[in-house]
Amino acid sequence: MAHDHHLDIPIDSFRLPSATWTHVRNVLVATTVVGWGACLAGYLQDHDQFSRSYLVAFLATIFMALGGMLFVMIQHLTNSAWSVTVRRFMESLMMSLPVGAILFIPIALNVHSLYVWSLPGGVAHFSGGKASYLNERFFVIRAFIYFLIWTALSWRLWAISRKQDETKSASLCYSAAKVSAPGVFFLFITATLAAFDWNMSINPHWYSTIYGVYCITGGAWGFFACLILICMRLRANGILTHSITVEHYHDLGKWQFALTAFWAYIAFSQYMLIWYANMPEETIYYKVRMEGTWRLLTLALPLIHFIFPFFLLIARPAKRTLSILSFISVYVLIVHYLDVYWMIMPNYAKSGIQFHWMDLAALVAVVGTFGFFFWQRLKDAPIVPEGDPRLAKSLRFHNV
Amino acid sequence: MIQAFINKLLTPPKGSFGVAAEFNSVDSLMAAVLRSRAEGYTKLETYTPFPIHGMDEALGSKPSVLGYIVIAIGLCGTATAIALTWWVGTVAYPLVIGGKPLWAVEFTLPIIFELTILFSAFAAVFGMFHLNRLPQFYHAMFNYSQFTKISDDSFVLVIESADPKFNAERATKFLSSIGGSAVEEVAK
C-alpha cells in the first residue's frame, strides 16, 4: 500500500547468515573441484578440444564480469538511487575479475591449439602489419595489461564502497564517480582490445571494429540475468526480501530488455555493413557460420537472442512477475553461452555444431571459480552498501 | 443552427463539478483518499504541486493504455516502411545497385527501424495529449478559491459530481469531517 513505504520500512539484515554462507561456499567448492577434475581428465585426453571448450567458457564468463564492472561504474556516474540495494552484488561480481588473470593461464599455455597465427609459419597467413601485433609474447603482455587495469579499477571501486560502509560519508560517492569516469573509457578500450585478441584473432584475416562492443553487450546482458538470479535465490531463502522488491526487479528487467535491443542493434550493424560491402575477407565470418548445422544456429540467433526475449520483456507486467523474470534470466544465460559458442567454435569445427562433454566441464570449472571468489567477498562485507546516503531512497524506491 | 452552436460555446456550463477540499500534507491527502474510497466514493481526483508515488493505486486509477497505443501504431510504422521500401525499390524505381536485390531486409531494416521509432514517438506524444484531454483551455477547477495554491503548497481532493454516490451536502460534510479545509462546491 501507498502509505507504508512512506512511513515504516521493515529492515532486513544486511549480513548473510554464516550457515547459509558456508553451505553455498561448500557447494561452490565441490562443483568447482569436480569441474577442474573433469577438465584435467579432458585435457590429458585431447588438448585441442579442452582449449577450445575452455576458451568459450572463459569468454562467456569474463565478459559478464566486465559487464558487472561497467554497470557499477554507470551507477556511480548517474548517481543512481534505485540500484543501491543490488549494487553490492554487482560489485562482488566485478571483484571476481582479477581471478580472470589466473583463469587466463590455460589459454596462454595453449595458444597453439587456439590461434592459427601462433603456429610456425602462421605469420605467413596475413600481411606484415598484423605480424608485429599477433605474436605470443605481445599477446600475453597485452592480456597482463588488461587484467592489471581491470584489477586496479575493481579494487579501487570496491575499496571506496567498503570504506563508505563504515564512514557513511557522502563525499565517497563523488570519489567513486571520479574513478568511474575514466574507468568506463579504459574499460571499453581494454575490453575491445581483449575481444580482438581473444575472440577475433582466431581468424586473423577477419576484422570488425564493432566486435568489442558486441562482446561487452552480450556480457552485460548475461550479467543482468546472473544478478537477477542471485537476488532471487537469496529472496527464496528469506534474505533481503524487503530491500530488493518487485520495483528493483522491474528496473533490472528494464536493463535486460534494453540490452536485448542493444545487442540486436550492434549485431545487425555488423552484419549489414559486411553484407553491403560484400568483400570476401569480411563475409567469410558469416560464410563459415552458414555451413552445416551452424546455419541453424546462425538463423536462430536473431530469434532467440532478440525477437523472443524482446517481446517477452516488453510488457510492464512481465518485468514485475518474478517467475517470468527468473525464467528469462536462465534463458538469457543459456543463449549468451550459445552466442559465445557461435563466435568461437565455427572457426574450429567447420562441418557443424559438435557439442562435447568438455564444454560443460570447462563451464562448470570457470563459473565455479568466478562464483567462489564472488561469494568470498560476501563473507564479511554487508550484502547491501549500508553506508550509502542514497540507501533510504533505494529502499523506498517506487516505479511511476 | 450556427447561432445555436455559438451560443452553446459561449454559455458557461451549469451545475456542480464536485466538492473540493484542501489538505496540508501528502500524508493527510493520502489518508483522505483512502477514507473516501472506504466510504464508497469512486470518482475522485487529486490536485497536487508534484506527483505523489502511490497516488494512482490509492485512487484506484487503471494503468494507462498508452503503451498499447504506442505498440499498435509503432507496428503500423513497421508495415508502412516495409511497404514503402518494397514499392519504391521494386515497382516505382526498380534499379539494380551494386548487384544487390531490388528489395532485401538487410538494407531496408534501418528504414524499417527508423519509421517504427518515428511512429511510436508520435503515438506516445499525441496519444498522451489525447488521453490527458490536452490542450484544455478551461477546467472547472479554475473556479475553486484555492486553485492557485495547488501549484505551491496545497493538496486538494475532489469528489466529482459524476460519482454515483455524489450528494453535494453529504460530500461537504464528509470532507470536513476527515480534516479538509476550504471545503467548497465547485461550479462546472
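Quick notes on this one:
- For the range A:95-204, the helices (runs of 4 or more DSSP H) that sit wholly inside it and include 3 or more residues that are more than 23 Å from the chain's Cα centre (by Cα) and in contact (Cβ under 8 Å) with a residue 40 or more places away in the chain are A:136-167.
- Residue list for the range B:45-96, filter: within 14 Å of chain A (Cβ to nearest Cβ), touching a residue at least 12 places away in the same chain (Cβ under 8 Å) and either within 21 Å of B:V156 (Cα to Cα) or not in a helix (DSSP H, G or I) (or both): B:T46, B:T48, B:I52, B:G54, B:M55, B:A58, B:L59, B:G60, B:S64, B:V65
- Every residue from the range B:108-126 that is aromatic (F, W, Y) and either away from chain A (no Cβ under 14 Å) or touching a Gly at 6+ places or on another chain (Cβ under 9 Å) (or both): B:F119, B:F122, B:F126
- Filtered by the rule that a residue be open to solvent by 70 Å² or more (accessible area, probe 1.4 Å) and away from every other protein chain (no Cβ under 14 Å), the range A:291-302 gives A:E291, A:R295, A:L296.
- The condition (being more than 14 Å from chain B (Cβ to nearest Cβ) and basic (K, R)) is satisfied by just one residue among A:R390, A:R320: A:R390.
- A:G67 being surrounded by fewer than 17 Cβ atoms within 10 Å (Cβ to Cβ) and at pLDDT 95 or above: no
- Which listed residue is in contact (Cβ under 8 Å) with a residue 40 or more places away in the chain and either among the aliphatic types (A, V, I, L, M) or more than 14 Å from chain A (Cβ to nearest Cβ) (or both), from B:S151, B:S145: B:S151
- Residues satisfying the stated conditions in the range A:291-317, i.e. touching a residue at least 60 places away in the same chain (Cβ under 8 Å) and in contact with a Phe, Trp or Tyr (Cβ under 9 Å, 6 or more places away or on another chain): A:L313
- Of all the listed residues (B:V70, B:V125), the sole one being surrounded by fewer than 15 Cβ atoms within 10 Å (Cβ to Cβ), among the β-branched types (V, I, T) and over 30 Å from B:K173 (Cβ atoms) is B:V125.
- The range B:7-41: number of residues that are away from every other protein chain (no Cβ under 14 Å), open to solvent by 50 Å² or more (accessible area, probe 1.4 Å) and of a type in the set (G, A, S): 1
- Test: residue in the range B:152-162 that is touching a Lys or Arg at 6+ places or on another chain (Cβ under 9 Å) and surrounded by fewer than 16 Cβ atoms within 10 Å (Cβ to Cβ): yes
- Selection from the range A:76-94 of residues that are open to solvent by 10 Å² or more (accessible area, probe 1.4 Å) and either in contact with a Pro (Cβ under 6 Å, 6 or more places away or on another chain) or not in a helix (DSSP H, G or I) (or both): A:T78, A:N79, A:S80, A:A81, A:W82
- Failed condition for A:E247, given (1) at pLDDT below 95; (2) buried (at least 21 other Cβ atoms within 10 Å of the Cβ); (3) assigned to a helix (DSSP H, G or I): (2)
- Within the span defined as the range B:128-147, one or more residues are in contact with an Asp or Glu (Cβ under 8 Å, 6 or more places away or on another chain) and either open to solvent by 30 Å² or more (accessible area, probe 1.4 Å) or closer than 26 Å to B:L66 by Cα (or both).
- Lone qualifier among B:L59, B:L115, B:L44 - being at pLDDT below 95, outside the structural domain of B:A171 (by TED's automatic domain parsing) and surrounded by 14 or more Cβ atoms within 10 Å (Cβ to Cβ): B:L59
The values are calculated or read from the model by the stated rules, or taken from the named source; none is laboratory data. Model, not experiment: these values are computed from the prediction. Positions of Cβ are generated from backbone atoms using ideal geometry, with glycine treated the same way; all protein chains shown enter the neighbour counts. Side chains included, ligands, DNA and RNA excluded: accessible areas come from the protein's heavy atoms. Shrake-Rupley method; radii C 1.70, N 1.55, O 1.52, S 1.80 Å.
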